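Taking it in order: structure first as structure tokens, then the write-up.
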Amino acid sequence: MTTPNYVIDPLISAKSIAARVESLADEISDHFKDTEKLIVVGLLRGSFVFIADLVRELDLPVEVDFLETSSYGDGTESSREVRILKDLRGEIEGRDVLVVEDIVDTGHTLNHVIHLLESRNPKRLKVCALLDKPSRREVDVNATWIGFEIPDEFVVGYGIDYAQRNRNLDHIGKVRFVK
């Protein structure tokens, strides 16, 4: 499969992301200030850069675990079929859990993950998403904390990819296809 030609237009700068991550960490630290240990669950692969920056800013004892889901493949549209490719290694029953997501789009993936994790009886379960596209929502699901609300654009950077490319950008950019 040939990847179409595209350019990436800047949307959110690295400086803006860093400042927002710091403020999100402050809010999350305050919310979970009484926790014995916060289990931070990153949704792979898109959240890996965000989760790394976020946990370093948290003023809490944390444990990090990962779930890997798939609903996009190499396309730009969700298949709406959520598959769990990698499950958690640890138990979350009776524990405080923060799910860290790169982007909430249609809501199908996050909804699936929330139901899966709630079935494991955590003490508290909250969600932090770097990006939110409410105009695309098909499932009634919301993150507790959101970094940035964005328009209906296909974005890359800061861990988010297009066909496994552009994760290494330090900013968020919108993809514009060219002929």
*Considering every residue within the stretch 87-104, establish whether at least one is surrounded by fewer than 20 Cβ atoms within 10 Å (Cβ to Cβ) and among the hydrophobic types (A, V, I, L, M, F, W, C).*
yes
_Complete set of residues in the stretch 137-174 that are touching a Ser or Thr at 6+ places or on another chain (Cβ under 9 Å), modelled with pLDDT of 95 or more and over 23 Å from ASN111 (Cα atoms)_ = ASP170, HIS171, ILE172
*Out of all the residues in the stretch 17-47, which are without any contact (Cβ under 8 Å) to a residue 60 or more places away in the chain, under 19 Å from GLY157 (Cα atoms) and not in a strand (DSSP E or B)?*
ALA18, ALA19, GLU22
_Out of the residues in the stretch 1-15 meeting the condition of being of a type in the set (S, T, N, Q) and in contact (Cβ under 8 Å) with a residue 24 or more places away in the chain, tell me which one is farthest from GLN164 (Cα to Cα)._
SER13
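For (1) buried (at least 19 other Cβ atoms within 10 Å of the Cβ); (2) under 29 Å from LEU85 (Cα atoms); (3) of a type in the set (D, E, K, R); (4) in contact with a His (Cβ under 8 Å, 6 or more places away or on another chain), each residue gets a yes or a no:
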position	(1), (2), (3), (4)
ALA14	no, no, no, yes
ARG20	no, no, yes, no
GLU27	no, no, yes, no
ASP34	no, no, yes, no
LYS37	no, yes, yes, no
GLY42	yes, yes, no, no
GLY46	yes, yes, no, no
*Could you list, in sequence order, the residues of the stretch 116-136 that are basic (Lys, Arg), modelled with pLDDT of 95 or more and closer than 30 Å to ALA14 by Cβ?*
LYS126, LYS133
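Yes/no matrix, rows are residues, columns are (1) more than 30 Å from VAL7 (Cβ to Cβ); (2) of a type in the set (D, E, K, R); (3) surrounded by fewer than 16 Cβ atoms within 10 Å (Cβ to Cβ):
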residue: GLY107; (1), (2), (3): no, no, no
residue: HIS115; (1), (2), (3): yes, no, yes
residue: GLU118; (1), (2), (3): yes, yes, yes
residue: LEU131; (1), (2), (3): no, no, no
residue: ALA143; (1), (2), (3): no, no, no
residue: GLU149; (1), (2), (3): no, yes, yes
residue: VAL155; (1), (2), (3): no, no, no
residue: ASN168; (1), (2), (3): no, no, yes
residue: ILE172; (1), (2), (3): no, no, no
*Any residue at all in the stretch 83-99 that is more than 28 Å from ARG176 (Cβ to Cβ), in a loop (DSSP other than H, G, I, E, B), touching a Pro at 6+ places or on another chain (Cβ under 6 Å) and not hydrophobic (A, V, I, L, M, F, W, C)?*
yes
*Which numbered condition ASP30 misses (of (1) among the charged types (D, E, K, R); (2) within 24 Å of ILE160 (Cα to Cα); (3) out of contact with any Leu (no Cβ under 9 Å at 6 or more places or on another chain); (4) at pLDDT 95 or above)*: (2)
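The values are calculated or read from the model by the stated rules, or taken from the named source; none is laboratory data. Fair warning: this is a prediction, and the values are worked out from it, not measured in the lab. We place every Cβ from the backbone using ideal geometry, glycine too, and count neighbours over all the protein chains shown.
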